[in-house]
Amino acid sequence: MKSALPKVLHPVAGRSMLANTLASVMAAGIERIAVVVGPGREDVGAEARRIAPTAEVFVQTERLGTAHAVLAARAALEKGCDDLIVVFADTPLIEPETFLAMRRALAEGASVAALGFEAGDPTGYGRLLLEGDQLVAIREHKDASEAERAVRLSNAGLMALDGKAALSILEAIKAENAQKEFYLTDAVSIARDKGLRAVVVRAPEEEVMGVNDRVQLAAAEAVAQRRLREKAMREGVTMIAPETVFLCHDTRIGRDTVIEPNVVFGPGVSIAEGVSIKSFSHLTEATIAAKCSIGPFARLRPGARLEAGVKIGNFVEIKSARIGAGAAISHLSYVGDAIVGEKANIGAGTITCNYDGFNKGLTEIGAGAFIGSNSALVAPVKIGDGAYIGSGSVITKDVEPDALAIGRGRQFEKAGWAAALRKSREGMTKKRV
């Protein structure tokens, strides 16, 4: 990946590849999880425990092959299991149904179930060689004959083993190859030597996509986004140009919501029914009630909470603020660390001055209050219900309900001043020319 960040911590659809894989594993009902990491990769272990708090983390001190990595978790294997499924964290698109299919294959009598796919171009992949419905060998591309290289059924790398036989099969794998490594693929021939059955479970090629560089990361992101968009649309969400909308793994959108082009959802966004999200808006960790209108060019940052019927217009930013039902912040405003009452109106150019360089302060705007354009509300400050703030005001003190507050210099006028200025400058202009 050419990155300081470990490969499996790079994100797909708003969460790390490792988190995507673990989430799929857990969705398949797999309860015991062992994660094998490299030396010094406490960050990967911490991410595993964040997603799966009961996961056991083991360190593979030497990189001696895939089977060697699995046996790094020997302590977990020795506790016994019904099935053992070996998964790679850099294969982040595997669906829970695929893991369930692998388990069904074991339940139907197989001791080894290898995950395979029909490759568009199988060059470089190990081939899955069948006799009837049984898997007889996994042949690496470099070792395959011409006839075997013509086989398109390719090895995805993931494998399921019957829990009763798993440890004995793994222990029987030898490093009898030029690399002196222990290959998980040898589990097939060892199982057959023991008189056990090996089979193939098939998955679509894109589902078993591995990620080793930024190009493949982008390809995986594209697949994940397509899945999320299709799921949302099938559940009643309208996307005008779905290919321009970017969702997160946990984005929740209610039916009859309409999303215009070029909208980005970060993590933690929940949207109720009948919401309109206009172009070029960006939402992260925000909760939006029914019938709200957002954007275009709106930014909802963490802690934004919009109650029913709120209007957030163009070039408006909301952060850590609860906006009451029916309130309107129509354009060019920043509202942060605030509580805005029902049906309040926030004029253009209004900002809550919520940070004094050391601490955040709260701004409270009462129900039905009217904040005139280009006003600055200096927190902590409370604007009462129904209060009216004159345009261009800087408000530093609380305002009583239904009161008018104006905090600006008084306007004065000097008749003829501009004409006199121009006349006095005329001579100077001629001299410079």
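For region 1-24, give me each residue that is in a helix (DSSP H, G or I), of a type in the set (A, V, I, L, M, F, W, C) and either surrounded by fewer than 22 Cβ atoms within 10 Å (Cβ to Cβ) or in contact with a Leu (Cβ under 8 Å, 6 or more places away or on another chain) (or both).
V8, L9, M17, L18, A23
Which strands (runs of 3 or more DSSP E) does region 132-244 wholly contain that include 1 or more residues that are in contact with a Pro (Cβ under 6 Å, 6 or more places away or on another chain)?
153-162
Scan (1) at pLDDT below 95; (2) touching a helix residue (DSSP H, G or I) at 6+ places or on another chain (Cβ under 6 Å) for the single condition E206 breaks and write down its number.
It is condition (1) that E206 fails.
Would you say A55 is of a type in the set (A, V, I, L, M, F, W, C) and at negative phi?
Criteria met by A55.
Could you tell me whether any residue of region 131-149 is small (G, A, S), under 15 Å from S189 (Cα atoms) and under 31 Å from the mean Cα position of the chain (by Cα)?
No, region 131-149 contains no residue that is small (G, A, S), under 15 Å from S189 (Cα atoms) and under 31 Å from the mean Cα position of the chain (by Cα).
For region 390-405, what are the residues that are crowded, with 16+ Cβ neighbours inside 10 Å and either aliphatic (A, V, I, L, M) or over 18 Å from I351 (Cα atoms) (or both)?
Correct list: I395, V399, A405.
Determine which member of the set R127, R41, R104 is of a type in the set (K, R) and either closer than 29 Å to L228 by Cα or in contact (Cβ under 8 Å) with a residue 60 or more places away in the chain (or both).
Residue meeting the stated conditions: R104.
Select from region 45-101 the residues that are in contact with a helix residue (DSSP H, G or I) (Cβ under 6 Å, 6 or more places away or on another chain), among the charged types (D, E, K, R) and free of Cβ contacts under 8 Å to residues at least 40 places away in the same chain and list them in ascending order.
Of everything in region 45-101, those that are in contact with a helix residue (DSSP H, G or I) (Cβ under 6 Å, 6 or more places away or on another chain), among the charged types (D, E, K, R) and free of Cβ contacts under 8 Å to residues at least 40 places away in the same chain turn out to be E47, E56.
Looking at S330, S270, can you tell me which residue is assigned by TED's automatic domain parsing to the domain that holds P380, of a type in the set (S, T, N, Q) and within 23 Å of the chain's Cα centre (by Cα)?
S270
Could you tell me how many of the residues in region 70-102 are of a type outside the set (S, T, Y), within 28 Å of the chain's Cα centre (by Cα) and in a helix (DSSP H, G or I)?
Residues in region 70-102 being of a type outside the set (S, T, Y), within 28 Å of the chain's Cα centre (by Cα) and in a helix (DSSP H, G or I): 6 in total.
Inside region 206-258, can you point out the residues that are touching an Asp or Glu at 6+ places or on another chain (Cβ under 7 Å), farther than 17 Å from I271 by Cα and of a type in the set (D, E)?
Within region 206-258, just E207 meets the criteria.
The values are calculated or read from the model by the stated rules, or taken from the named source; none is laboratory data. It should be emphasised that the depicted structure is a prediction, and the values quoted were computed from it without experimental measurement. All Cβ positions, even for glycine, are placed from backbone atoms using ideal geometry, and neighbour counts span all protein chains on display.
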